[in-house]
1. Quick one: compute the contact order of the range A:222-323, relative version, from alpha carbon pairs under 8 angstrom and 6+ residues apart, as a percent.
2. Longer than 18 Å from Cα to Cα, which of B:9/B:222; B:9/B:216; A:47/A:273; B:44/B:222; B:44/B:161 are they? Say none if no pair is.
3. What does the charge dipole of the range A:284-357 about its Cα centre add up to, to the nearest 20 debye, if the Cβ of each Lys and Arg holds +1 and the Cβ of each Asp and Glu holds -1?
4. Across every pair of different alpha-carbon atoms, what Kirkwood hydrodynamic radius in Å does the range A:243-327 reach?
5. Could you work out, residue by residue across A:7-14, how many beta carbons of other chains sit within 10 Å of that residue's beta carbon, and then give the average as an integer?
6. Once the mean 1/r over all distinct Cα pairs of the range A:296-419 is inverted, what Kirkwood radius in angstroms do you read off?
7. For a quick check, take a GNM of chain B with Cα springs below 10 Å and name the residue from B:80, B:196, B:88 with the largest mean-square fluctuation.
8. With the full set of protein chains in place, find how many percent of the accessible area of chain B is carbon and sulfur; take the probe as 1.4 Å.
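The values are calculated or read from the model by the stated rules, or taken from the named source; none is laboratory data. Everything numeric in this text was worked out from a predicted model, so none of it was measured. Cβ placement follows ideal geometry from the backbone for every residue including glycine, while neighbour counts extend to all protein chains displayed. The protein model used for the area step is the full one, side chains on, heavy atoms only, and it has no ligands, DNA or RNA in it. Shrake-Rupley method; radii C 1.70, N 1.55, O 1.52, S 1.80 Å.
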Amino acid sequence: MFFTYLRRELRRRRKAALVVASGLALGIALVIVVNSVSTGMSRAQGKVLESLYGLGTDLTVTKAQERPEDGSRPQRPRFEFQGKEEGEEQSSDRLMVQGFQTLADSTVASVAGQPGVDRAVGGLSLVNLKINGEFERGRIQRGQTQQGQPGGENGQNGGAQNGQNGGAGGGSGPGDTVTGGGAAFDVDSFTLYGTDVTAPDLGPLTTSTVSRGRTFKTSETDAKVAVVDSAYAQEQGLDVGDELTVKGIEFEIVGIATADRGQSAAQVYLPLKQAQTLSSSASKITTIYVKATDSTRIDALKTAIQKNVTGTTVTTSADLARTVSGSLDTAADLASNVGRWLSYAVLLAAVLVAGLLTSSAVTRRVREFGTLKALGWTSGRVTRQVVGEALVNGVVGGALGIAIGLVGAYAVTVAGPTLTAELGSVGGAFGGGGGGRGGTVFGGGPGGTATGRTVDIALTAPVGITTVGLAVLLALGGGLVAGAFGAWRASRLRPADALRRVE
Amino acid sequence: MYELIGVTKQYRRGQTRVDALAGVDLTLDQGDRLVIQGPTGGGKSTLLQMLGGLDRPTSGRVLLDGIDLAALSERRLTAVRGQNIGFVFQSFNLIPTLTAQENVETALVPLGIRPAERRGRAAEALESVGLGERRGHLPSELSGGQQQRVAIARALVKRPKVLLADEPTGNLDESMRDEIVDVLEGLWKEHGLTFVMVTHDSAIARRAPRLATIRKGRITIKENRPAAPAPVEA
Ligand SMILES: Nc1ncnc2c1ncn2[C@@H]1O[C@H](COP(=O)(O)OP(=O)(O)OP(=O)(O)O)[C@@H](O)[C@H]1O
Ligand SMILES: [Mg+2]
């Protein structure tokens with residue numbers, strides 16, 4: 001009888017049932033879409049972080065930032081050019097540690113020794129800066145020559161050698177005008193990363209795939225070999241088998257690597273030991289990449305390392321995620337805050353409306369339920385009937401909602417809007433260091449540093465089993481809550497109500 | 001079988017108190033037929049609710065076969081209703097979404113009767129009120145008289161000891177009234193039920209062997225002899 005009655009009620013009161021079910025469906029569909037979009041967002045964020053860190057890295061360790069002492073100036077690159085005769089070409093080739101902060105490579109062992117650390121590997125980030133150019137002195141013109149003549153004309157002379165940095169005006173004395181003067185410099189910089197060839201599966205090189213040639217062999221600690229990023233290789237016309245000169249030393253290019261996503265971590269990869277030797281920073285590293293044994297206990301590990309290995313800054317992906325900005329971050333925020341709340345609010349409203357509709361349906365059926373009670377139906381049996389109807393509404397709404405939600409999520413994935421992530425610098429983590437963003441010299445170089453990297457990622461909206469499970473639970477829960485409203489009304493009915501003439 | 005002793009029922013509506021029943025004493029034997037008359041608001045329906053265990057008296061005792069319905073738990077009272085008491089209401093009170101057959105079956109649900117037997121007995125009961133062919137019809141597809149017959153089949157399918165009818169002809173036109181009263185009286189005779197019927201129809205009242213009148217919650221009973229059939233008008 002339970003099912004006959006249930007079936008008849010739902011069939012003959014189809015419209016009312018559909019109103020309740022579609023209300024729930026809307027709420028559930030929203031929850032699914034928002035949930036899957038925000039899963040997609042965090043997946044996208046994960047990919048962004050992965051593009052920096054490489055697979056498997058849970059946190060990085062860098063030197064703690066030192067406060068500059070009073071009177072001392074923060075370390076900055078200095079280029080000293082002697083005042084040679086004008087027009088004479090001058091050049092400087094510097095290989096500098098990115099961020100100017102290094103750790104002794106013995107730190108790798110102490111970090112690796114921490115409980116909870118699975119593996120740790122060190123690396124050295126360098127910037128090679130070549131400056132070529134010439135100075136031209138400003139000419140002082142006394143008397144009443146044209147005032148404020150810009151250095152443009154002379155600048156053109158100076159800029160003959162494709163100067164990126166145009167001429168700058170010289171100083172002027174009272175009444176005198178200095179025209180021209182300036183310097184035309186060709187700045188060529190590229191980033192280098194000294195990688196621990198004995199640990200090929202951890203560190204930034206894992207974010208790239210070798211597209212031509214090969215990667216380092218674990219035995220190539222002392223070999224003069226290099227892997228070059230494909231973008232840089234194309235720009236410089238380099239290929240496997242070519243030679244690359246760094247600070248006068250020739251390296252054989254054994255492989256071309258392509259960044260899986262966005263920009264590569266460095267433009268040139270060398271064995272760690274070579275990088276250390278070249279930059280005169282023997283036994284020094286800039287970053288330690290750490291893989292934890294338990295990826296759920298990263299925060300505890302961070303605290304432990306920071307406490308036990310003094311003078312270090314530990315950066316987790318969560319820390320890094322905080323620095324992500326751009327449309328991805330905005331969208332992720334929107335999805336996880338506004339979207340999530342909105343979807344739950346809609347669902348709550350749907351459940352409430354369903355509850356009120358169910359309850360008012362019971363009120364309309366006072367005589368019906370009163371009659372059944374008069375016939376000897378227990379309150380429990382009547383209540384079960386009401387809850388059963390509400391549950392079916394919930395299931396129908398849930399199925400409908402899941403269908404709509406899946407279609408919606410699929411539509412998002414197909415449309416695949418592109419989101420841009422901008423990674424800010426974390427204290428001392430990736431080339432931030434003392435210079436920080438202030439070190440515009442680096443920003444100028446093609447490829448730049450890890451600071452201010454942008455990564456484009458197509459948004460997907462994957463629907464996980466848990467999301468569907470959640471939707472099913474919400475549907476049943478919604479049905480039950482709606483049923484509870486009705487059941488509460490039904491259980492309070494007196495059988496005497498069946499005899500009431502007016503309703 | 002029924003013994004009502006000093007039954008009162010008060011309804012409270014805000015400040016005012018309504019004495020729907022003001023001390024009713026009544027005894028009914030197995031197979032008795034009682035017709036209740038009275039002005040509107042006199043307490044007829046209230047008395048029927050007491051007899052049917054649909055509500056509890058404010059004071060007094062309602063004994064059915066020696067058991068005080070007023071003192072039973074809700075669960076036991078529900079069971080008593082399910083087993084012993086059949087109701088027929090003025091507005092039929094059929095479940096609008098269920099067929100005639102299914103409506104009759106609802107009365108057998110609390111008795112825990114297996115579906116096959118339930119269907120058989122329901123079909124039989126519909127046959128006995130002359131609606132064998134209308135089993136699959138919805139209430140909305142039946143006339144008022146037919147609906148009330150379904151309700152009667154529903155009241156009697158469980159073979160109750162007591163049949164309570166509250167103005168069963170109140171919503172029917174004259175031709176159907178006699179038809180329904182005939183069905184009810186036929187079944188009463190056939191099953192030997194205790195039958196209590198509230199009616200405003202004085203023609204029916206005149207035919208009753210015992211006639212109770214309730215005014216302002218007080219009952220007066222008049223024995224009509226000879227019992228049947230209706231006397232010829234002078
Ligand atoms: N649930 C209730 N709450 C408050 N007062 C009630 C309730 N039910 C009945 N009453 C009052 O009790 C009195 C008796 O009502 P009852 O329904 O028994 O009268 P009745 O004789 O059946 O009238 P009618 O012929 O109109 O059906 C009336 O005054 C009515 O207003
Ligand atoms: Mg009444």
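1. Reported relative contact order: 24 percent.
2. Table pairs above 18 Å Cα-Cα are B:9/B:222; A:47/A:273; B:44/B:161.
3. Numbers: 7 positive and 5 negative charges, 63 e Å.
Dipole size: approximately 300 debye.
4. In the range A:243-327 this quantity evaluates to 16.4 Å.
5. Across A:7-14, the average partner-chain Cβ count within 10 Å equals 3.
6. Values: mean 1/r = 0.0498 Å⁻¹.
Computed over Cα pairs of the range A:296-419, the Kirkwood hydrodynamic radius comes out at 20.1 Å.
7. Evaluated over chain B, the most mobile residue of the options is B:80.
8. Roughly 47 percent, rounded to a whole number.
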